[in-house]
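Notes follow once the structure below has been shown.
The values are calculated or read from the model by the stated rules, or taken from the named source; none is laboratory data. Quick caveat: nothing in here was measured; it's all calculated off a predicted structure. In this analysis, Cβ positions are derived from the backbone assuming ideal geometry, glycine residues included, and neighbour counts consider all displayed protein chains.
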Ligand SMILES: C[S@@+](CC[C@H](N)C(=O)[O-])C[C@H]1O[C@@H](n2cnc3c(N)ncnc32)[C@H](O)[C@@H]1O
């Protein structure tokens with residue numbers, strides 16, 4: 001079956017498991033792909049939308065794994081009960097703040113799972129900070145560029161080492177390894193900031209001046225990181 005590079009990259013972070021839970025499964029491509037590949041034996045696929053669960057059901061049937069995917073309609077991790085013990089939880093394709101809300105709704109499930117895989121669409125820095133606050137360790141991160149840039153955060157239980165402000169912004173191993181995709185991402189963001197600054201050039205309203213200063217400050221910080229990455 002054909003899945004996007006983003007979903008493939010998420011799936012590659014899943015170890016051999018008896019049971020996984022894919023929260024916000026939508027089309028159920030992740031569980032179907034992992035079962036067909038033999039990486040996982042069974043999966044719970046959940047979504048808050050009935051329409052998505054129908055889509056998931058139809059795909060599970062199409063690929064002959066209906067009996068191996070337990071589809072549940074419900075809010076986030078609330079659908080995981082004490083009799084489920086998924087070894088891996090995946091939350092991919094949601095905004096970072098929504099992913100945090102989902103985790104907050106069932107912290108005990110997050111604290112019981114061996115591996116947690118997150119692929120937040122935005123507010124990735126806030127997700128990293130939240131993970132550390134609840135005692136989850138970031139094992140490694142992956143960045144990919146498909147139609148846009150995506151970050152996958154792979155976590156396990158435990159205390160992490162110290163993070164700098166930049167590690168929270170961009171991911172510790174992305175910085176340490178001087179990830180070329182991170183360099184590209186930072187350049188792209190700097191171009192966006194430049195375009196915004198240009199469009200606000202002649203606007204001297206108080207709140208716009210404040211906004212321009214904030215963007216300039218962020219631009220300088222990004223430039224600093226980019227220079228370091230390029231050494
Ligand atoms: C953009 S899709 C991502 C689908 C898939 N995980 C992926 O990465 O391609 C986000 C999915 O999350 C579901 N969703 C949003 N809020 C949710 C929540 N609180 N609990 C469960 N699912 C939710 C949406 O209905 C939607 O199907």
Taking the stated definitions as given, is residue 69 farther than 28 Å from residue 158 by Cβ, in contact with a helix residue (DSSP H, G or I) (Cβ under 7 Å, 6 or more places away or on another chain) and away from the ligand (no atom under 11 Å from the Cβ)?
yes
Inspect all residues belonging to region 178-201 and state whether any of them is modelled with pLDDT under 95, outside any helix (DSSP H, G or I) and more than 30 Å from residue 89 (Cα to Cα).
yes
Residue check, residue 219 against (1) surrounded by fewer than 12 Cβ atoms within 10 Å (Cβ to Cβ); (2) in contact with a helix residue (DSSP H, G or I) (Cβ under 6 Å, 6 or more places away or on another chain), all met but one. Which one?
(1)
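Against the condition more than 22 Å from the chain's Cα centre (by Cα) and more than 9 Å from the ligand (Cβ to nearest atom), how does residue 83 come out, does it pass? Step through it out loud before you land on a result.
Working: more than 22 Å from the chain's Cα centre (by Cα): yes; more than 9 Å from the ligand (Cβ to nearest atom): yes.
Yes; evaluated as a whole, the condition is true for this residue.
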Got a sec? Which strands (runs of 3 or more DSSP E) wholly within region 50-165 have at least 1 residues that are more than 19 Å from residue 13 (Cα to Cα) and touching a residue at least 24 places away in the same chain (Cβ under 8 Å)?
69-73
Test residue 117 against the criterion of being over 18 Å from residue 140 (Cα atoms) and in the same structural domain as residue 16 (by TED's automatic domain parsing), and give yes or no.
no
Residue 193 passes all but one of (1) free of Cβ contacts under 8 Å to residues at least 40 places away in the same chain; (2) within 16 Å of the ligand (Cβ to nearest atom); (3) in contact with a helix residue (DSSP H, G or I) (Cβ under 6 Å, 6 or more places away or on another chain); which number fails?
(2)
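Every residue, every condition in (1) surrounded by fewer than 16 Cβ atoms within 10 Å (Cβ to Cβ); (2) within 12 Å of the ligand (Cβ to nearest atom); (3) in the same structural domain as residue 138 (by TED's automatic domain parsing), yes or no:
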residue	(1), (2), (3)
11	no, yes, yes
14	no, no, yes
20	no, no, yes
23	no, yes, yes
42	no, no, yes
54	yes, yes, yes
60	no, no, yes
63	no, no, yes
Looking at residue 215, is it within 30 Å of residue 107 (Cα to Cα) and assigned to a helix (DSSP H, G or I)?
no
Pairs only if they're at least six apart or on different chains, beta carbon under 9 angstrom, first in region 202-231 and closer than 25 Å to residue 185 by Cα, second at pLDDT 95 or above and outside any helix (DSSP H, G or I); list them, first residue then second.
211/200; 212/200; 215/200; 228/178; 229/178; 229/179; 230/178; 231/178
With (1) over 17 Å from the mean Cα position of the chain (by Cα); (2) more than 23 Å from residue 158 (Cβ to Cβ); (3) in a loop (DSSP other than H, G, I, E, B); (4) in contact (Cβ under 8 Å) with a residue 12 or more places away in the chain as the list, and residue 44 as the residue in question, which single condition is left unmet?
(3)
